[in-house]
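The values are calculated or read from the model by the stated rules, or taken from the named source; none is laboratory data. Bear in mind the structure is a predicted one, so any value in this text is a computation, not a measurement. Note that each Cβ is placed from the backbone with ideal geometry, even for glycine, and that neighbours are counted across all protein chains shown.
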Amino acid sequence: MNGVLLFNLGGPETLQDVRPFLYNLFSDPEIVRIKNVFLRRMLAWSIAATRQRKSRDLYRQIGGGSPLRKITEAQAAALSDALAARQFNARVYVGMRCWKPGIDEAVDRALKDGITRLILLPLFPQYSVTTTGSCLTYFRSLERKFALSSTMTISVIRTWFDESLYLEAMADLVREEARKFTDPNSIHLLYSAHSIPARYVDEGDPYLEQTRQTVQSINERLGSVYPSTLAFQSKVGPVKWLGPATLDVLREFGRKGVTSVLTIPVSFVSDHIETLQEIDIAYRDASREVGITEFRRAPALNTNPKFIGSLAELVVKNAAG
């Protein structure tokens, strides 16, 4: 029996979930690289304690919690249907690295269901040790613990930033939103990706280069008719992160007289705090302050049929070897 395990980081579903979610996030050794487990957990406890109030305020602005679990489960259901339409029957599981349902829970369900071939599919188009790498590292610990390779064949789709249907889906959403501008010829595309510590890239993380290639590929599908800028959001802590920061770019647009901005959440496939609050509320407010009169965001992929089709194609190709 075939199984597909979708990886994501997860998000707090209630305000009470915020502190334990933050602790789980910052105690991840792939995100906070402190080898000493005790010190890393102490730091995670401190960050969770100091950031919880601010984070709760942000989640309160989008209804009191993250919709990521519901969206990911809807993606899983849609993927199951898309695979069945391709004559590939599979049970699709959701495993969150930092929240519920956890990767442990997904693996337990797969074992109980008698899955004999499991395909791991991270919902991160571009590979980073902080996302895909973290999920795979944790899964490997479970693989050893439960000797999974003795009961099932396991394969991994590590990255898919260059998958054609995914790129087409992104371009479609940009075109759809661009048509809503008063003057489509004045649009500047602002691709906003989740930032990571810069030293990870210096140490070989391919995330930056793959993100750049994603942007280039989407622009090519759009006919390269719009000027575009790649920026990064969601920095946390004092270390150097990838830049330029999305907020700084918006301010620079204001100084240069750019008045129409279409923001594209390029490393996010689902709506969550970074799209619904950071872009839709914080960056929209900032854009008004600097004189940007039209500020729009391309919709997240969520359960876009072409996007779900791209995931199905990835699974079928992987299964075929």
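Brief remarks follow.
- In region 90-123, residue farthest from Ile31 (Cα to Cα) [restricted to those that are in contact (Cβ under 8 Å) with a residue 12 or more places away in the chain and charged (D, E, K, R)]: Asp113
- From Ser267, Ser234, Ser192, residue being within 24 Å of Val32 (Cβ to Cβ), crowded, with 22+ Cβ neighbours inside 10 Å, among the hydroxyl-bearing types (Ser, Thr, Tyr) and at pLDDT below 95: Ser267
- Test: residue in region 237-255 that is over 15 Å from the mean Cα position of the chain (by Cα), closer than 21 Å to Thr132 by Cβ, among the aliphatic types (A, V, I, L, M) and modelled with pLDDT of 95 or more: yes
- Scan of region 280-313 for residues that are in a helix (DSSP H, G or I), among the hydrophobic types (A, V, I, L, M, F, W, C) and buried (at least 22 other Cβ atoms within 10 Å of the Cβ), ordered by number: Phe307, Ile308, Leu311, Ala312
- Screening region 140-155 for residues that are in contact (Cβ under 8 Å) with a residue 24 or more places away in the chain and either in contact with a helix residue (DSSP H, G or I) (Cβ under 6 Å, 6 or more places away or on another chain) or surrounded by fewer than 16 Cβ atoms within 10 Å (Cβ to Cβ) (or both) and picking the one that is nearest to Pro227 (Cα to Cα) gives Ser155.
- Any pair with Cβ under 8 angstrom, 6 or more apart, that starts in region 267-283 at a residue that is over 25 Å from Gln216 (Cβ atoms) and ends at one that is of a type in the set (D, E, K, R) and modelled with pLDDT of 95 or more: Asp280/Arg297
- In the condition set (1) more than 19 Å from Gly11 (Cβ to Cβ); (2) of a type outside the set (Ser, Thr, Tyr); (3) assigned to a helix (DSSP H, G or I); (4) free of Cβ contacts under 8 Å to residues at least 60 places away in the same chain, Gln87 is compliant with all but (3).
- Candidate set from region 91-115 (those that are among the small types (Gly, Ala, Ser) and within 22 Å of the chain's Cα centre (by Cα)); member that is surrounded by the most Cβ atoms within 10 Å (Cβ to Cβ): Gly95
- Top-ranked residue of region 278-306 - restricted to ones that are aliphatic (A, V, I, L, M) and over 22 Å from the mean Cα position of the chain (by Cα), ranked as nearest to Ala193 (Cα to Cα): Ala286
- Restricting attention to region 34-48, the residues being within 26 Å of Ser270 (Cβ to Cβ) and either modelled with pLDDT under 80 or under 17 Å from the mean Cα position of the chain (by Cα) (or both) number 1.
- The residues of region 213-260 that are free of Cβ contacts under 8 Å to residues at least 24 places away in the same chain, touching a strand residue (DSSP E or B) at 6+ places or on another chain (Cβ under 8 Å) and assigned to a helix (DSSP H, G or I) amount to a single one, Asp248.
- Some residue of region 12-21 being surrounded by fewer than 15 Cβ atoms within 10 Å (Cβ to Cβ) and either outside any helix (DSSP H, G or I) or modelled with pLDDT of 95 or more (or both): yes
- Count of region 155-170 residues, restricted to those that are of a type in the set (Phe, Trp, Tyr) and over 23 Å from Thr137 (Cβ atoms), is 1.
- Gln126 vs. criteria out of contact with any strand residue (DSSP E or B) (no Cβ under 7 Å at 6 or more places or on another chain), within 24 Å of Ile279 (Cα to Cα), polar (S, T, N, Q) and in a helix (DSSP H, G or I): no
A quick yes/no check of all residues on (1) surrounded by 16 or more Cβ atoms within 10 Å (Cβ to Cβ); (2) of a type in the set (Lys, Arg); (3) farther than 23 Å from Tyr127 by Cα:
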{"site": "Ile34", "(1), (2), (3)": "no, no, no"}
{"site": "Met42", "(1), (2), (3)": "no, no, yes"}
{"site": "Gly63", "(1), (2), (3)": "no, no, yes"}
{"site": "Thr72", "(1), (2), (3)": "yes, no, no"}
